[in-house]
1. Only one of these is out of contact with any helix residue (DSSP H, G or I) (no Cβ under 9 Å at 6 or more places or on another chain), assigned to a helix (DSSP H, G or I) and at pLDDT 80 or above: Ala59, Ala42. Name it.
2. Regarding region 19-31, can at least one residue be identified that is at pLDDT below 80 and surrounded by 10 or more Cβ atoms within 10 Å (Cβ to Cβ)?
Amino acid sequence: MIRLLLTACLALALTACASVQSPLDDGYQVGDLTGTVIQLQAEYCATADPRERAFRLAALRAAGVPVPPSGACTDILSLIPDGELDIDVEQAERDRERFEAE
């Protein structure tokens, strides 16, 4: 009898855990924020309505995008300081040549 009761409780607990919604269940994938920022920037630059621009500018700032004094239509990649990009140009050229040869 105790074994049956324990099995029933365990089954109930497992089915209850399966129905819990997690914040990651909404389909988020790594890189979604980047796509959103690029879309917001494109929409900001495409509209002339000051309210629409203010909304999109606020959304860009909320996403942590530093907006330069020259405006949000500046290339976002140019806003990243050079020290943060660790790019070996010579290695990239060698890789490109190696993969084009294959």
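1. Ala42
2. yes
The values are calculated or read from the model by the stated rules, or taken from the named source; none is laboratory data. In this text the structure is predicted, and so the values were computed from the model without any measurement. Every residue, glycine among them, receives a Cβ derived from its backbone with ideal geometry; neighbour counts consider all protein chains shown.
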